[in-house]
Amino acid sequence: DPELKALWLRELDQMRARVAQVRAALVRTEQEGFGCDELAYLGRQSGMFSLLPLTDTQEAALTREHGIHVVKGGRVNVARLGPKDIPWLVRAVHDVMAPLA
């Protein structure tokens, strides 16, 4: 049905734009809060998921200390992040990465 396809394409474009905004917010939040670009690569990617640069130990600390669960390998669902989640995630990632920095 052409009408349903047009609706689906509009919704797809809206979701794509939202994910791009979330990615840009992650980068901006890190730059403003930490003055660095460790996660800048997230802003250049597309899609619903990204890999965080975490070791197995850091992944476990992210879950244990911050209640943030990532799939082994640091895979995080960027699409599910809301405005309140972004600063929390950036702060938590920097917290678990700090001991090795």
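The values are calculated or read from the model by the stated rules, or taken from the named source; none is laboratory data. Please read all numbers here as calculations on a predicted model, not as lab measurements. Using ideal geometry, Cβ is built from the backbone for each residue, glycine included, and neighbour counts are taken over all protein chains shown. Note: accessible area is taken over every heavy atom of the protein model, side chains too, but ligands, DNA and RNA are not part of it. Shrake-Rupley method; radii C 1.70, N 1.55, O 1.52, S 1.80 Å.
Quick one: in the range 56-79, of everything that is among the charged types (D, E, K, R) and touching a helix residue (DSSP H, G or I) at 6+ places or on another chain (Cβ under 9 Å), which residue is farthest from Val19 (Cα to Cα)? Steps first, answer last, please.
Initial filter on the range 56-79 (among the charged types (D, E, K, R)): 56, 59, 64-65, 72, 75.
Restricting the remaining residues to those that are touching a helix residue (DSSP H, G or I) at 6+ places or on another chain (Cβ under 9 Å) gives 59, 65, 72.
On the way: Glu59: 23, Glu65: 26, Lys72: 22 Å.
My answer is Glu65.
From the list Glu3, Glu38, Glu30, exactly one residue is modelled with pLDDT of 95 or more and open to solvent by 40 Å² or more (accessible area, probe 1.4 Å). Which is it? Write out each step before concluding.
Values: Glu38 fails: modelled with pLDDT of 95 or more; Glu30 fails: open to solvent by 40 Å² or more (accessible area, probe 1.4 Å).
Being modelled with pLDDT of 95 or more and open to solvent by 40 Å² or more (accessible area, probe 1.4 Å) holds for just one of Glu3, Glu38, Glu30, which is Glu3.
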